[in-house]
Amino acid sequence: MPDPTGGQPSHPPAPWVSRGEMWFGLLPVRRPPDLPPDLRPLGPRNRIAVGVVRYREGTLRYDELALGPLVRRGRRAGLLIQRIWVDDDASVRGGRAIWGLPKEPAEFAWTGDSLRVGDDGGTLARITFRPGRGPLSAMPPLPAVLPGFGGTPGRRLFIAGRLVGRPRREAMTVTEWSDRLPPLRHGRARPSLAVRPFRMTVPGPVRC
């Protein structure tokens, strides 16, 4: 979105509405991630959640890789987005300004069912996706909430994306992983699933 003053691109206001495809999985890490003092772990601490999203239609069109631990704060629970990369400048600016997300720019290269994400420092991750079989493959689109945390301990923000999508059983395997990221025990995400297609609305955050 152009800036009328002629400066850097601005960003659309919340809510952001989109359609696309997404994949999620839990990966085992060699050591528990550090947590801010205002958050508590949710479930086993030796795993991180990884999400890959392709926003194909909507407010902005871009690809995204996000990772972090599952946490809770009081009665709220969700993904603490510690690292996140996108390939759109307006998404970087909007993610930081609206939701307090540490978005960074990266390049996304797809080859069939494989993805490479890289930045100026080299490859961040290579991930492959393989369709599975089972009850999930035949399920109709379902509504869900996609919760997450942004901001900082002094200004914690809760994000509750509203999602409708078709869940599918799909394998997610990391074949390359930068040493700039949390060390993994192995690259097979368990459990893992895809939601494709989906439609989603991400409203402005709630201070918590």
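The values are calculated or read from the model by the stated rules, or taken from the named source; none is laboratory data. These numbers come from a predicted model, not from an experiment. In this analysis, Cβ positions are derived from the backbone assuming ideal geometry, glycine residues included, and neighbour counts consider all displayed protein chains.
Structure notes:
- For V17, the stated conditions hold: it is within 20 Å of G148 (Cα to Cα) and in a strand (DSSP E or B).
- A count restricted to segment 169-200 and to residues that are polar (S, T, N, Q) and more than 23 Å from Y55 (Cα to Cα) stands at 2.
- Qualifying residue in segment 174-188 (condition: of a type in the set (G, A, S) and part of a strand (DSSP E or B)): no
- Residues of segment 87-109 that are touching a residue at least 60 places away in the same chain (Cβ under 8 Å), surrounded by fewer than 21 Cβ atoms within 10 Å (Cβ to Cβ) and over 22 Å from P33 (Cβ atoms): D89, A90, R93, A97.
- Checking R162, R196, R116 one by one, the residue that is under 30 Å from R93 (Cα atoms), surrounded by 14 or more Cβ atoms within 10 Å (Cβ to Cβ) and modelled with pLDDT under 95 is R196 and no other.
- Residue count for segment 74-86 satisfying the condition of being farther than 16 Å from D34 by Cβ and either part of a strand (DSSP E or B) or in contact with a His (Cβ under 7 Å, 6 or more places away or on another chain) (or both): 6.
- Scanning segment 63-86 for residues that are over 12 Å from the mean Cα position of the chain (by Cα) and either farther than 19 Å from L181 by Cβ or surrounded by fewer than 18 Cβ atoms within 10 Å (Cβ to Cβ) (or both) turns up R72, R73, G74, R75, R76, A77.
- Here A97, A106, A90 are screened, and the one residue that is aliphatic (A, V, I, L, M), in contact with a strand residue (DSSP E or B) (Cβ under 7 Å, 6 or more places away or on another chain) and either at pLDDT 95 or above or closer than 18 Å to L65 by Cα (or both) is A106.
- Pairs with Cβ under 8 Å, 6+ apart, first in segment 56-70 and in contact (Cβ under 8 Å) with a residue 24 or more places away in the chain and over 19 Å from A106 (Cα atoms), second surrounded by 18 or more Cβ atoms within 10 Å (Cβ to Cβ) and among the aliphatic types (A, V, I, L, M): P69/I48; P69/A49; P69/L79; P69/L80; L70/A49; L70/L79; L70/L80
- Test for V71: is it modelled with pLDDT of 95 or more, in a strand (DSSP E or B) and over 14 Å from I159 (Cβ atoms): no
- All told, I48 falls short of being surrounded by 15 or more Cβ atoms within 10 Å (Cβ to Cβ) and more than 23 Å from P167 (Cα to Cα).
- Residue within segment 124-134 that is free of Cβ contacts under 8 Å to residues at least 24 places away in the same chain, part of a strand (DSSP E or B), touching a strand residue (DSSP E or B) at 6+ places or on another chain (Cβ under 9 Å) and buried (at least 17 other Cβ atoms within 10 Å of the Cβ) present: no
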